[in-house]
Amino acid sequence: MNLKAVVVNWNGGDDTPAALASLQGIDAICVDNGSTDGSADVIAERFPGVDLIRVGMNLGFAGGSNVGIGRALDRGADWLLLLNSDAIAEPGLADALERAAGARPDAGLLACLILFEDGETVQYAGARFNALLGYSGRQSGHGDKRVEVRMRDVDRVDGAAFAVSREAIERAGPLDERLFAYVEDVDWSLRIRTAGFAAVLVPDARVRHKGSASTGGSRSTANLYYDTRNTIAVAERYRPLPRGLRSLRRGVIVGAHLVQAGMRGVGARAVVAGWRDARRGRLGRRG
């Protein structure tokens, strides 16, 4: 397996160097998404062997990842590991992915087992996506202590850490940059599976993840806006409904996010803005 890793340095900060340090033995590419805090210079100094690409602006997770993916493919990768800048790869991850790719030649996506920062509690061990309701569902094992998890097919990967094959990218296309951030992992999972590939959970490929660090947490206005807007967009893309039922599904998605936002304040306004932009077909970076 010719595996290369792509890490996007979102808005600077202290997380990215730790993510890169955890990738010892894996050829890494870091895309700096227009940071202004000097973190790109720190990366260049501390990791001279990392291919650092400075794009000079915030392209979003999808856009920044696509820049790194393109560089990795140009350098001959047949598999790419996308690792969030606030995630830490545990030892043995590359070997686990290689074994899984050999065992499942039908796979286009290999999902990592994602743990919280304590290294014991499960954050993601597989997940579903119900396009009819626009609901990703509770992630399997979420909140449980480390449990025995078997290799199995899943509906969708989690964007914090997963591997994707060159063949899947060539057939299904890159990440959708119109989504900018959030739910692009769901969209890519559905698109790659529609192209005929499996998405497979690899329990021995383990990663510790802080979660939503680049956008301020799960209740941040950025998280709430993009997750609302993009969930609506992706659900309508993969499960079109008549007008009345489409409006009902939008209401369900908005309601769920309003609960997450606490029903009022700037968070609720971000949810409503996401709904309005989805209804108008406004994607890309929030203007």
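Remarks
- Between G196, G63, G265, the Gaussian network model of the chain with springs among Cα atoms under 10 angstrom shows the greatest mean-square fluctuation at G265.
- Largest GNM mean-square fluctuation across E45, E177, E98, computed for the chain with C-alpha springs under 10 Å, falls on E45.
- Within the listed set V31, V207, V149, the residue fluctuating most in the Gaussian network model of the chain (springs between alpha-carbon atoms under 10 angstrom) is V149.
- Which of D185, D106 has the fewest Cβ neighbours within 10 Å, and the rest in rising order: D106, D185
- A Cα-only calculation for the chain places Rg and Dmax at 18.1, 56 Å.
- Residues K4, K145, K210, ranked from the fewest to the most other C-beta atoms within 10 Å, line up as K145, K210, K4.
- Summing charges over all other residues whose Cβ lies under 12 Å from the Cβ of A199, with Lys and Arg as +1 and Asp and Glu as -1, gives +1.
- Here R250, R280 are placed in order of increasing Cβ neighbour count within 10 Å, fewest first, which gives R280, R250.
- Angle between the chain longest axis and helix 243-261 axis [Cα atoms, degrees, rounded to 10]: 60
Throughout, read-outs are computed from the coordinates displayed, never taken from laboratory work. Just so we're clear, the structure is a prediction, and the values are computed from it rather than from any experiment. Please note: Cβ atoms are built from the backbone with ideal geometry, for glycine as well, and neighbour counts cover all protein chains shown.
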